[in-house]
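The values are calculated or read from the model by the stated rules, or taken from the named source; none is laboratory data. A quick note: this is a predicted structure, and the numbers were derived from the prediction, not measured. Neighbour counts are summed over all protein chains in view; Cβ atoms, including those assigned to glycine, are modelled from backbone coordinates with ideal geometry. The accessibility values were calculated without ligands, DNA or RNA, using every heavy atom of the protein model including side chains. Shrake-Rupley method; radii C 1.70, N 1.55, O 1.52, S 1.80 Å.
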Amino acid sequence: CADEPGRVVPRMPQLRQHQRLQLTMAVALVVVCALVGAAAAGSAVGKLTAHPKSVEAMQSVGVTPKQMRLLGVIELVGVAGLLVGIWVPVLGAAAAIGLVLYFVGAVAAHLRKGHGVAEWAPAAVILAVAVASAVLQVKR
């Protein structure tokens, strides 16, 4: 017991500022990658299951059903790369950059068709989180 007279209770060593920063960055990386991974996975599932809203969105930018399935697979590959990238940094960075490029293309496709904010905002939000994941992946 800690309250026994004469007993010394060992203290946890204080983390150095650099170690705290590394820990904070690691936690941020996992959280941000989980967010972009969940969003991209949800987007992929919509495409692969031909969810009516996904089909409508894809048709509105000129994507065929075959292309839609391919885009869903590409998203899932990116999600897998993010997950594995937690342990293999170069793969995580490549996957994050790939997802950034994917969602830049998604936003551009909607803007090219003259769509309003309601149509391109979901892809733009995922793009913003993907950019954060790419920065964290590259900076580590």
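General observations
- Charge sum, other residues only, whose C-beta stays under 15 Å from HIS18's C-beta, Lys/Arg counted +1 and Asp/Glu -1: +4
- Residue-span extension gain [GLN19 to VAL88] - 0.36 nm each, minus C-alpha spacing: 22.8 nm
- Loop chymotrypsin sites (Phe, Trp or Tyr not before Pro), the range 74-124 (other Cβ atoms within 10 Å of the site Cβ: 11 or fewer; DSSP): TRP87
- Debye, to nearest 20: dipole size of the chain, +1 on Lys, Arg Cβ, -1 on Asp, Glu Cβ: 260 debye
- Share of carbon and sulfur in the accessible heavy-atom surface of the chain [1.4 Å probe, %]: 70 percent
- Helix runs (DSSP H) in the chain reaching 24 Å along axis by Cα, Kyte-Doolittle at least -0.5: 17-48, 65-85, 89-112, 117-139
- The residues of the chain expose on average 65 square angstrom of accessible surface per residue, using a 1.4 Å probe on protein heavy atoms.
- Average 1/r across all pairs of distinct alpha carbons in the range 3-140, invert it, and you get the Kirkwood radius: 16.6 Å.
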